[in-house]
Amino acid sequence: MSSPNQRHVLSALVQNVPGVLAHISGMLASRGFNIDSLAVGETENPALSRMTFVVVGDDRVLEQVGKQLEKIVTVVEVLDVSSQDYVERDLLLLKVAAAPGGKRAEIRELVDIFRGKIVDVGPEEVMIEISGRENKVQAFIERVRPYGITELVRTGRIAMVRSEDMSGKVNSGGIKAVSA
Amino acid sequence: MTGADILVKSLVEHGVEVLFAYPGGCSMPMHQALTRFGDSIRTILPRHEQGGAFAAQGYARATGKVGVAMATSGPGATNLVTAIADAKLDSVPIVCITGQVPTKAIGSDAFQETPMAEICRGITKHHYLVTKVSDLPRIMKEAFHIAATGRPGPVLIDMPKDVQLGDLADIDMDPPMCLPGYEASAPAIPSETIRQITAAIKLARRPVIYAGGGVVLGGASEELREFITKSGIPTVTTLMGLGAVPPEHEHSLDWLGMHGAAYANYAVRDCDLLIALGVRFDDRVTGKVEAFAKDAKIIHVDIDGSELNKNKEAHIPVRGDVKQFLTEMNKVVQKPEISDWQKHCVALKAKHPFSYDENFDGILQQHAIKTLSDITADMDTQITVGVGQHQMWAAQFYKFRKPRTWHSSSGLGTMGFGLPAAMGVQAALPNSLVIDIDGDGSFQMNVQELATCFCEELPVKVFLLNNQHLGMVVQWEDRFMDGNRAHTYLGPISHNEASGKSKVDRFKYAETRYPDFVKIAQGYGCGAASIKKKGDLEGAIREMIEHKGPYVLDVEVPYQEHVLPMIPGGKTVEDMILK
C-alpha cells in the first residue's frame with residue numbers, strides 16, 4: 001500500500017500573528033517530518049502570510065503533514081501545489097572567488113547562460129543572483145563550485161498555482177492525491 | 001474596567017462556576033478581581049498548581065464543561081505543564097490562565113519569567129499571549145470556543161501583569177471571533193458514506209465495534225448502545241471509552257489493549273470488519289500495529305481528520321461527529337448474519353474472564369476493587385485513578401455503567417492524577433460519591449491536595465491500594481528483568497525490599513510499612529483507617545463512604561501480584577501473557 005517517496009510542494013495560508021512560524025516549524029520537527037525547504041512572507045492581505053514547504057515523503061506522510069498543519073488554529077488553508085500546474089522559484093545569492101583578470105569572463109558567461117545577474121563586484125569575488133526552479137539553481141551551484149564559492153544563501157522554494165485550477169485544495173477530509 | 005476584571009467577568013459569562021487558582025506576584029490582580037466576583041464564581045486554592053490543573057481536568061471530564069485553572073508566572077506556570085500535556089492527549093477541554101511578567105519585561109529574563117506560550121505550543125490545542133487589554137474579550141471567547149468544540153483540548157492564556165492592570169472603558173464583552181482557520185464542527189457525513197458502511201456491515205461475518213473516548217466526549221453513548229443492540233455487533237472499548245457501554249450488555253466484550261480483556265483482544269484479532277469510533281489506534285491498544293486487526297476492513301470515524309490513517313490505514317475513513325454518525329446508522333442498520341460469531345464471542349468471554357486468586361487469605365488489589373464496585377453499584381459514584389497497576393485493575397474490576405464516571409490519565413499516564421482530579425469532580429458534583437482509587441506511589445505525587453479537600457470541604461475518598469512499591473515497574477522487573485529491583489521500593493533504602501533481596505514469595509507483604517498514611521491523612525484533618533484482613537474490607541469501605549469529610553482508607557496489599565492479561569509493548573495478541 002505504501003507509495004514511493006515523492007517531492008511535494010505545500011502552500012499554507014496562515015494568520016499573521018506572533019509565533020506562527022515557530023508553532024508550525026515546531027510541530028513539523030516534533031512529529032519528525034522532514035522539510036527540505038520552508039519560505040514565509042506576507043501576502044496581498046497583511047493579516048495573512050504564505051508559507052511554502054517542500055516535503056519529501058510518501059502519500060501517507062504528505063497526508064499527515066497536511067492534516068497536522070490544518071489542525072493548527074492559525075493555519076487558514078493548506079494547498080498541495082505540486083498536485084497542480086504550478087510555477088516554482090528559488091532565489092539564490094552567492095559569492096564566488098573571481099580575482100580581476102582571472103576567470104571573471106568565464107563566470108560571467110555562466111551567469112548569462114543561467115539567466116542570472118552579477119549584482120556586486122568586489123576586489124576578489126563577485127556576487128551573483130539567480131532564480132528559478134530548484135534543479136536549475138542546483139545545477140548553477142555545481143557549475144560555479146569549481147571556481148570557489150565563498151558564501152551562499154537561498155530563500156527556499158516559493159510556488160504559485162497557475163490560473164484557473166484550484167482543484168488541488170487540501171481539504172480537511174484528506175489530500176486530493178490520497179484515495180479514500 | 002481593568003484587564004483582570006474583564007478576564008474574570010468573561011469567565012463568569014462563559015458559565016465558569018468554579019476555578020482552581022494558586023496566586024503569585026504576577027497573577028495577584030486577577031485574584032483580586034476574583035474576590036470582586038466572589039458571588040458568581042468559586043475560587044478553590046489547590047496546594048500545588050499541578051493539583052489545580054488536574055482538578056480543572058476532573059471538573060471537565062465529569063461534566064463536559066470547560067475546566068479552568070490559574071497560576072502565576074514562572075514556576076507557577078510551569079507547574080501546570082504536565083496537566084496541560086495530559087489534557088491534550090486525553091482531549092480534555094480546559095483553559096489555563098497564567099500570569100506573566102509585564103510586557104516590557106518579557107524577554108529580559110525577569111524574575112519568574114518563563115516563555116509559557118513557547119513552552120506550551122506543542123501541548124495545547126491553542127495558546128495566547130495577551131498583549132493588549134482590548135484583545136481580551138475576543139481571546140477569552142475564542143479560548144472557550146476552541147477548548148470545547150471539535151476535538152476538545154487545552155488552551156493557554158498567558159496574561160502579562162500590565163495587561164491585568166490596564167484600564168479600559170467601554171469595552172465590548174462580546175466581540176466577533178477571528179478564527180478563519182478553525183473549524184468548530186466536522187462536516188456532515190454524506191449519505192453515500194452511510195450507504196457504503198451499511199453495505200460493509202451487511203457483508204461482514206465477524207464484525208467488531210471498537211469504541212473510544214470520542215464516544216464519551218461526543219455524548220454518543222446512548223446512540224452507541226442503540227447501535228450495538230440494533231446491529232448485534234460485539235463491542236470493545238478503549239480505556240477512555242469505559243462507561244460508554246455497560247459491562248452487562250450482552251454484546252459487551254469490555255476493553256482491549258495491553259491489559260485489556262483477552263476476549264476483547266481475540267475478537268479484534270479475528271474480526272473481518274472493525275468499526276472504529278472515536279479512537280486513535282494508540283500503541284497501548286494495538287501493540288504491533290501491522291498485526292492489529294490484520295484481516296479486517298477498517299471503518300474509522302473521528303472528528304479529528306488527522307487521526308484517520310495516522311497509525312493505521314482505514315478502508316473507509318470518515319471525518320465526522322460520532323454522534324451524528326451513529327444517529328444516521330441507527331436509522332438504517334440491520335442485523336448482519338453473525339449469530340455464529342456472536343456465540344463465539346460469548347464463549348470467548350466465558351473462557352477467559354478477568355480473574356484472580358479468590359482464596360488468598362488477605363486482600364488482593366483485584367478483590368478490593370471488586371468489593372468496592374459491588375458496594376457502590378447503586379450509588380451515584382465517580383471514580384478517579386492514579387497510574388499503574390491499580391489503574392488497570394480498577395478498569396478491569398470496577399463496573400462502569402455510565403459515561404463520565406471513570407477518570408483516568410490514559411494518554412499521558414500521569415502519576416498523581418487521581419486525588420486532584422477527584423477534587424475537581426467533587427467540586428463539580430457535590431452530591432456524588434467521589435472515590436480516588438490510588439496506589440501509594442501515585443498518591444504521594446499529589447498528596448498535598450488532601451489539604452485542599454479538607455479546607456474546601458470536598459469529601460473525596462481515597463481508596464489506597466498500598467503495596468509499598470511502584471507495582472507496574474516491579475511487574476516489568478519481574479517479567480523482563482529477572483526481578484532486579486531498580487528504585488521501585490518506596491520505603492527506606494535500608495530495607496531488604498529496596499535491593500530486591502526480600503524473598504520473592506508471591507504473597508509476601510513488604511516487612512515494614514512506610515509512610516504512615518493514616519497519620520498523614522489525620523494531619524491534614526481527614527478521616528483515615530488502615531486494614532490488612534480480608535474480613536475487614538467491606539466494613540472499612542462502608543465506614544469510608546459514610547464518613548462526612550475526606551477520607552483515606554489505606555489497604556495493605558501484597559506487591560508480587562501482576563496485572564494480567566498482558567501484551568508486552570510492541571507485541572501481538574499471540575504474545576499475550578495469561579498467567
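With respect to being more than 14 Å from every other protein chain (Cβ to nearest Cβ) and of a type in the set (A, V, I, L, M), A:Ala47 falls outside the description.
Here B:Arg284 fits the description: surrounded by fewer than 20 Cβ atoms within 10 Å (Cβ to Cβ), basic (Lys, Arg) and within 22 Å of B:Ile567 (Cβ to Cβ).
The criterion of at least 2 residues that are within 12 Å of chain A (Cβ to nearest Cβ) and in contact with a helix residue (DSSP H, G or I) (Cβ under 7 Å, 6 or more places away or on another chain) is met by the following strands (runs of 3 or more DSSP E) wholly inside the range B:45-164: B:126-129, B:154-160. The single condition among (1) within 12 Å of chain B (Cβ to nearest Cβ); (2) touching a residue at least 24 places away in the same chain (Cβ under 8 Å); (3) charged (D, E, K, R) that A:Lys71 does not meet is (2).
Here B:Ser108 meets the list (1) in contact (Cβ under 8 Å) with a residue 60 or more places away in the chain; (2) of a type in the set (S, T, N, Q); (3) surrounded by fewer than 23 Cβ atoms within 10 Å (Cβ to Cβ) almost entirely, failing just condition (1). Applying the condition of being within 14 Å of chain B (Cβ to nearest Cβ) and surrounded by fewer than 18 Cβ atoms within 10 Å (Cβ to Cβ) to the range A:1-12 and asking which residue is modelled with the lowest pLDDT yields A:Met1. Considering the range A:90-114, and only residues there that are of a type in the set (A, V, I, L, M, F, W, C) and assigned to a strand (DSSP E or B), the residue that is surrounded by the most Cβ atoms within 10 Å (Cβ to Cβ) turns out to be A:Val96.
Tallying residues that are among the polar types (S, T, N, Q) and within 14 Å of A:Gly41 (Cα to Cα) within the range A:5-27 yields 3. Checking each residue in the range A:115-133 for being buried (at least 18 other Cβ atoms within 10 Å of the Cβ) and either out of contact with any Asp or Glu (no Cβ under 8 Å at 6 or more places or on another chain) or in the same structural domain as A:Gly41 (by TED's automatic domain parsing) (or both) picks out A:Glu125, A:Ile128, A:Ile130.
Screening the range B:300-314 for residues that are of a type in the set (D, E, K, R) and at the interface with chain A (Cβ under 7 Å from one of its Cβ atoms) and picking the one that is nearest to B:Leu89 (Cα to Cα) gives B:Lys310.
Condition check ((1) touching a helix residue (DSSP H, G or I) at 6+ places or on another chain (Cβ under 7 Å); (2) farther than 24 Å from B:Ala62 by Cβ; (3) not hydrophobic (A, V, I, L, M, F, W, C)) across all residues:
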position: B:Ser442; (1), (2), (3): yes, no, yes
position: B:Val462; (1), (2), (3): yes, no, no
position: B:Leu470; (1), (2), (3): yes, yes, no
position: B:Asn484; (1), (2), (3): yes, yes, yes
position: B:Tyr509; (1), (2), (3): no, yes, yes
position: B:Asp516; (1), (2), (3): no, yes, yes
position: B:Ala521; (1), (2), (3): yes, no, no
position: B:Cys526; (1), (2), (3): yes, no, no
position: B:Lys534; (1), (2), (3): no, yes, yes
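Checking every residue in the range B:434-445 against the condition of being out of contact with any strand residue (DSSP E or B) (no Cβ under 7 Å at 6 or more places or on another chain), farther than 28 Å from B:Asp254 by Cα and not assigned by TED's automatic domain parsing to the domain that holds B:Val92 gives at least one match. Here B:Pro317 meets the list (1) touching a Leu at 6+ places or on another chain (Cβ under 9 Å); (2) away from chain A (no Cβ under 14 Å); (3) of a type outside the set (A, V, I, L, M) almost entirely, failing just condition (2). Of all residues assigned to the range A:82-89, at least one qualifies as being farther than 23 Å from B:Thr149 by Cβ, more than 8 Å from chain B (Cβ to nearest Cβ) and β-branched (Val, Ile, Thr). B:Ala264 meets each of the listed conditions (1) surrounded by 24 or more Cβ atoms within 10 Å (Cβ to Cβ); (2) over 22 Å from the mean Cα position of the chain (by Cα); (3) part of a helix (DSSP H, G or I) apart from (2). crowded, with 23+ Cβ neighbours inside 10 Å and part of a loop (DSSP other than H, G, I, E, B): is that true of B:Gly214 in this structure? So B:Gly214 does not fit the description; no.
Among the residues of the range A:27-44, those identified as of a type outside the set (S, T, N, Q) and away from chain B (no Cβ under 14 Å) are A:Ile35, A:Asp36, A:Leu38, A:Ala39, A:Val40, A:Gly41, A:Glu42, A:Glu44.
Can we say A:Thr52 is at the interface with another protein chain (Cβ under 9 Å from one of its Cβ atoms), of a type in the set (Val, Ile, Thr) and touching a residue at least 12 places away in the same chain (Cβ under 8 Å)? Judged against the criteria, A:Thr52 is not a match.
Against the list (1) surrounded by fewer than 19 Cβ atoms within 10 Å (Cβ to Cβ); (2) under 25 Å from the mean Cα position of the chain (by Cα); (3) assigned to a helix (DSSP H, G or I); (4) in contact (Cβ under 8 Å) with a residue 40 or more places away in the chain, the condition B:Gln196 fails is (2). For the range B:46-82, the set of residues classified as touching a strand residue (DSSP E or B) at 6+ places or on another chain (Cβ under 7 Å) and hydrophobic (A, V, I, L, M, F, W, C) consists of B:Ala53, B:Ala55, B:Ala56, B:Ala60, B:Ala62, B:Val66, B:Val68, B:Ala69, B:Met70, B:Ala71, B:Ala77, B:Leu80, listed by residue number.
The values are calculated or read from the model by the stated rules, or taken from the named source; none is laboratory data. What you see is a predicted model; the values in this text were computed from it and never measured. With ideal geometry, Cβ positions are generated from the backbone for all residues, glycine too; neighbour counts draw on all protein chains shown.
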